[in-house]
1. Between residue 103 and residue 60, what's the calculated FRET efficiency when r is the beta-carbon distance and R0 is 45 Å? Round to 0.05.
2. Can you find, among 52, 35, 134, the residue farthest towards the positive end of the dipole of the chain? Put +1 on the C-beta of Lys and Arg, -1 on that of Asp and Glu.
3. How big is the charge dipole of the chain about its Cα centre, in debye rounded to the nearest 20, if each Lys and Arg gets +1 on its Cβ and each Asp and Glu gets -1 on its Cβ?
4. Using the scaling law 2.2 N^0.38 Å as the reference, what is the normalised Cα Rg of the range 57-111?
5. Would you work out which of 21, 83, 63 lies farthest towards the positive end of the dipole of the range 4-117? Charges go on Cβ: Lys and Arg +1, Asp and Glu -1.
6. Suppose only helical runs count, i.e. DSSP H with n ≥ 4. What mean residue ellipticity at 222 nm does that imply for the chain under -39500 (n - 2.57) per run, divided by all residues and rounded to the nearest 500 deg cm²/dmol?
7. Calculate the FRET efficiency for residue 25 and residue 84 from the Cβ-Cβ distance with a Förster distance of 30 Å, rounded to the nearest 0.05.
8. Per-residue HN-Hα couplings for the range 172-184, Karplus 6.51 cos²θ - 1.76 cosθ + 1.60 at θ = phi - 60°, whole Hz, x for Gly and Pro?
Amino acid sequence: MKKLVFATNNAHKLEEIRAILGDEIEILSLKDIHCDADIPETADTLEGNAALKAEYVYRNYGMDCFADDTGLEVEALGGAPGVYSARYAGSSHDSEANMKKLLAELNGVTNRKAQFRTAICLIEKGEKHLFEGIVKGAIIEARRGNSGFGYDPVFVPEGYAETFAEMGNDEKNKISHRARAVQQLCAYLNRP
Ligand code: IMP
């Protein structure tokens, strides 16, 4: 069976991609290959960070692999927080603080358009391939809902009334940026 490393230890992401890919390809996590490095994400684009992580695994373990990076891009803020989404309000990856800062930045701003964007970098037989998934939507004025993570309570996807945090994971995973990027990757991997 073909083996592919997903440069993550995030159990939800692993479960999501294993469900989409089925039995054809075995997906290994960083833990599965005994990699406990904190791979630096120092690029200034999502694609750059995804490539840094995938290249690290390929260079050090010689295995085909892929990595992802996601950001929330807000139109009125020129695409911010973007690649800095996790650390928007500081280095502590605090979602509450990040949302509070975002709502403060958008206070009085009428253009609430935003999108989540996921970039995936695959390195297969030494060749790099990029995939992308986008979900468009808007930032509301006050948080709603308790499920999900990150900016979910303030993001309403286009065509829906609920925030990602009110929707529940099953529904979110059908339309999310990450699901769309993963579908692109899977279509490539499962090509005839
Ligand atoms: P990562 O690249 O998947 O680690 O995502 C980086 C950051 O983007 C996270 O720390 C969250 O702040 C935000 N983010 C990514 N995906 C989502 C999502 O599905 N909902 C809400 N926030 C997200």
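Each value in this text was obtained by applying a stated rule to the coordinates, not by laboratory testing. All of these numbers come straight from a predicted model, not from anything done at the bench. Here Cβ is always computed from backbone atoms with ideal geometry, including for glycine, and neighbour counts include all displayed protein chains.
1. 0.65
2. So the residue we want is 134.
3. With only Lys, Arg, Asp and Glu charged at Cβ, the dipole is about 180 debye.
4. Its radius of gyration relative to the 2.2 N^0.38 Å reference: 1.54.
5. Going by the Cα projections, it comes out as 83.
6. Result for the chain: -9500 deg cm²/dmol, rounded to the nearest 500.
7. 0.40
8. Coupling constants for the range 172-184: 4, 5, 6, 10, 6, 3, 5, 4, 5, 5, 5, 4, 4 Hz.
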